Each structure stands twice: as C-alpha cells, then as structure tokens.
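Below is one structure; the comments refer to it alone.
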Amino acid sequence: MSARIEQTFPRLRSMEYKVTSPATTDYNCIAWAADDDTAWWWPDAYDIGYWPREAPRAETIEAFVAAFGLLGYKPCHDHSPEPGFEDVAIYVDAAGIPTHAARLLKSGRWTSKLGEWEDIEHNTFESLDGDLYGHVGQLLRRKI
C-alpha cells in the first residue's frame, strides 16, 4: 500500500484498505461522498468551489448537514449497514469544523477521497480518525 497514505493516516497500517483510483484534483472528499466526481465541493467564502446554493456557505457541521440534506440525507446515530440505505460520515476537527466526508458502500466498506490524493476503500470510518481529519462528528443516512 502507499507509505504516504499510511504515514498520514497511521490507523490504516493495522486495518485493511485499498486504493481504488488515481490521485486527481477534479473532485474532493465531500463531492465523492455526495457521489459526484466532477466538482470540488467546499463552502468557502470566496465561492471558488461548488456548494449547493440552498445550503449555508459556512464551514460548519450545520452547513454540511444542510448540503447533504438536499440530497436526501438525514442525521442518524447508527452506522450499521442497512439494506436500502446509504450513509455518509462527516468528520470534524477539535474545533468542530468539518474536514472530511466518507460514504458507506453496499459492501459495508467505506470509501474516501483523500484530498487531492487517491480514493480508498477502508473497513471502518474510524480508520481515518487522527490529527488531520479529527473524528466523525455526524452520521447521515438516506433511503436509496
């Protein structure tokens, strides 16, 4: 596996993961979690990236919940795979500011886009907990 990925996300060293796509700047983790590989999603104040017009343009968990809410996601507390549903985990740093998002696949594994790096599949959302992304601050679920 990638030494760079494992150095940045040390919990992955002891967990099964695999790289599933090459690095690209075409999209980021938020877009990937929203199943969009054509845009860079972020609610920056300069309106540089894509962000849904109906969602607050702020780096808050509420803004991210609102953006994913437009896609049918609602807050939940259970991360167990459930047939007919799709989950997203929103990560936050120590200050509660969103940093990352991952999507639960039908296989029960999670998928993440690592910034400008590759996409990976990992067994648990806790696999990416640490200094860079913090921890999961909100789970979301939608019916598919």
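The values are calculated or read from the model by the stated rules, or taken from the named source; none is laboratory data. Nothing here was measured: the structure is a model prediction, and the numbers come from that model. Here the Cβ is made from the backbone with ideal geometry for all residues, glycine too, and neighbour counts use every protein chain on show. Areas reflect the complete protein model, heavy atoms only, side chains present, ligands, DNA and RNA absent. Shrake-Rupley method; radii C 1.70, N 1.55, O 1.52, S 1.80 Å.
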Residues of the stretch 80-114 being at pLDDT below 95 and part of a loop (DSSP other than H, G, I, E, B), in sequence order, are 80, 81, 82, 83, 84, 105, 106, 107, 108, 109
Task: Some residue of the stretch 59-75 being open to solvent by 20 Å² or more (accessible area, probe 1.4 Å) and aromatic (Phe, Trp, Tyr) - done: no
Over the stretch 1-21, the set of residues of a type in the set (A, V, I, L, M) and open to solvent by 100 Å² or more (accessible area, probe 1.4 Å) is 1
Exercise for review: Looking only at the stretch 69-85, decide whether some residue is within 15 Å of residue 28 (Cβ to Cβ) and either hydrophobic (A, V, I, L, M, F, W, C) or free of Cβ contacts under 8 Å to residues at least 24 places away in the same chain (or both).
Suggested key: no
From the option list 23, 33, 55, 45, single residue qualifying as under 14 Å from the mean Cα position of the chain (by Cα) and among the hydrophobic types (A, V, I, L, M, F, W, C) is 33
When the stretch 90-114 is checked residue by residue, the ones that are more than 15 Å from residue 79 (Cα to Cα) and open to solvent by less than 20 Å² (accessible area, probe 1.4 Å) are 92, 98, 100, 112, 113, 114
Of the residues in the stretch 115-144 that are open to solvent by 40 Å² or more (accessible area, probe 1.4 Å) and outside any strand (DSSP E or B), the one that is farthest from residue 105 (Cα to Cα) is 131
**OP:** Consider residue 53 carefully, then state whether it is basic (Lys, Arg), within 18 Å of residue 34 (Cβ to Cβ), touching an Asp or Glu at 6+ places or on another chain (Cβ under 6 Å) and surrounded by fewer than 19 Cβ atoms within 10 Å (Cβ to Cβ).
**Re:** no
For the stretch 22-50 the number of residues that are more than 18 Å from residue 97 (Cβ to Cβ), open to solvent by 30 Å² or more (accessible area, probe 1.4 Å) and among the small types (Gly, Ala, Ser) is 1
In the stretch 130-144, residues that are within 18 Å of residue 13 (Cβ to Cβ) and at pLDDT below 95 total 3
Report task. State whether the residues of the stretch 77-87 include one that is under 13 Å from residue 141 (Cα atoms), open to solvent by 10 Å² or more (accessible area, probe 1.4 Å) and among the aromatic types (Phe, Trp, Tyr). Result -> yes
